[in-house]
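Everything on this sheet refers to the single structure shown next.
The values are calculated or read from the model by the stated rules, or taken from the named source; none is laboratory data. No experiment lies behind these values; they were computed from the predicted model shown. With ideal geometry, Cβ positions are generated from the backbone for all residues, glycine too; neighbour counts draw on all protein chains shown. Keep in mind that these areas ignore ligands, DNA and RNA; they rest on the heavy atoms of the full protein, side chains included. Shrake-Rupley method; radii C 1.70, N 1.55, O 1.52, S 1.80 Å.
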Amino acid sequence: MNLILLGPPGAGKGTQAVKIVEKYAVPHISTGDIFRKNIKEGTELGKKAQEYMNKGQLVPDDLVIEIATSRLLEEDCKAGFLLDGFPRTVYQAEKLDEFLSANGKKIDCVLDIAVDKDELKERLIGRRVCKSCGAGYHVKNMPPAKEGICDVCGGELYQRADDTEETVVNRISVYEAETMPLVDYYEKAGNIAHIDGAKDLDTVFAGIVSALGE
Ligand code: AP5
Ligand code: MG
Ligand code: ZN
């Protein structure tokens, strides 16, 4: 199954990806995670991406397309994949379609997760992430058993550099201007499913399962 998770910052893409991977056994490909890993390791790519990410802007298309398509050529993507946060512009979507058709593939379903703006802000500002294993938490909605400590691995929780109020507002407007047109793009392609992301975690996942089938 070849899937795309679409939705604004804070919609719950990363959170639902964990559950989708578990049930459908596809690799999770988050361009944001790839960039953050590169920033942590201090690579050239990380240095370039960081400038844009910290301001809440999009990393230039050509750079992202190169990263995503080379990841999709890896062995584990042969039987399917879950893209999270890519594509994010119509240009990226067109390039992805060209790449897939050249490789005899297509997207089976685009999961479009919708959540209103006020809730997005609250989710992002309260988000905490494990430094060691990447598990996601929320100070109110999904708090760890012990404050600041990961339930899964005991690692330290941190706040993403782009989860400040100012950057969050910017990311949401960038989403509306650059990424929202993708809803129409995939509507025309006829393979989009709309998921209400404002519900609790399990209800949102149930919506995804009903769109994809058991
Ligand atoms: P990226 O890492 O993709 O960030 P994003 O799209 O802004 O999305 P988030 O990861 O912030 O949100 P999410 O939907 O995954 O929410 P989560 O599940 O964590 O990209 C970061 C940056 O990289 C971009 O700004 C850009 O600069 C660059 N980039 C990446 N891809 C790019 C591309 N293709 N082109 C150009 N640039 C690119 O949940 C959020 C919080 O809510 C958590 O605390 C969670 O616990 C909580 N939560 C989740 N679900 C629920 C629920 N149902 N109820 C209550 N709380 C919930
Ligand atoms: Mg995410
Ligand atoms: Zn952890």
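Numbers at a glance
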item: Enumeration of residues in the stretch 113-124 that are within 19 Å of THR179 (Cα to Cα) and buried (at least 20 other Cβ atoms within 10 Å of the Cβ); result: ILE113, VAL115, LEU120, LEU124
item: Every pair of residues 6+ apart whose Cβ atoms lie under 9 Å, when the first sits in the stretch 1-24 and is in contact (Cβ under 8 Å) with a residue 24 or more places away in the chain and of a type in the set (Phe, Trp, Tyr) while the second is open to solvent by 10 Å² or more (accessible area, probe 1.4 Å) and not in a helix (DSSP H, G or I); result: TYR24/MET1
item: Qualifying residue in the stretch 68-77 (condition: under 18 Å from the mean Cα position of the chain (by Cα) and near ligand 1 (Cβ under 10 Å from one of its atoms)); result: yes
item: Qualifying residues in the stretch 1-27 (those that are open to solvent by less than 20 Å² (accessible area, probe 1.4 Å) and at positive phi) - the one farthest from ligand 3 (Cβ to nearest atom); result: GLY7
item: Selection from the stretch 111-158 of residues that are more than 15 Å from ligand 2 (Cβ to nearest atom), more than 18 Å from ALA17 (Cβ to Cβ) and among the small types (Gly, Ala, Ser); result: SER132, ALA145, GLY148, GLY154, GLY155
item: Considering residues of the stretch 186-202 that are closer than 20 Å to ARG123 by Cα and exposed (fewer than 12 other Cβ atoms within 10 Å of the Cβ) only, the residue farthest from ligand 3 (Cβ to nearest atom); result: ASP196
item: Pairs, first away from ligand 1 (no atom under 11 Å from the Cβ) in the stretch 25-48, second of a type in the set (Gly, Ala, Ser) and open to solvent by 80 Å² or more (accessible area, probe 1.4 Å), C-beta under 8 Å, six or more apart; result: VAL26/ALA79
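Here is a yes/no grid of residues against (1) buried (at least 17 other Cβ atoms within 10 Å of the Cβ); (2) of a type in the set (A, V, I, L, M, F, W, C); (3) closer than 30 Å to VAL110 by Cβ:
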| site | (1), (2), (3) |
| --- | --- |
| CYS130 | yes, yes, yes |
| LYS146 | no, no, no |
| ASP162 | yes, no, yes |
| ILE172 | yes, yes, yes |
| ASP184 | no, no, yes |
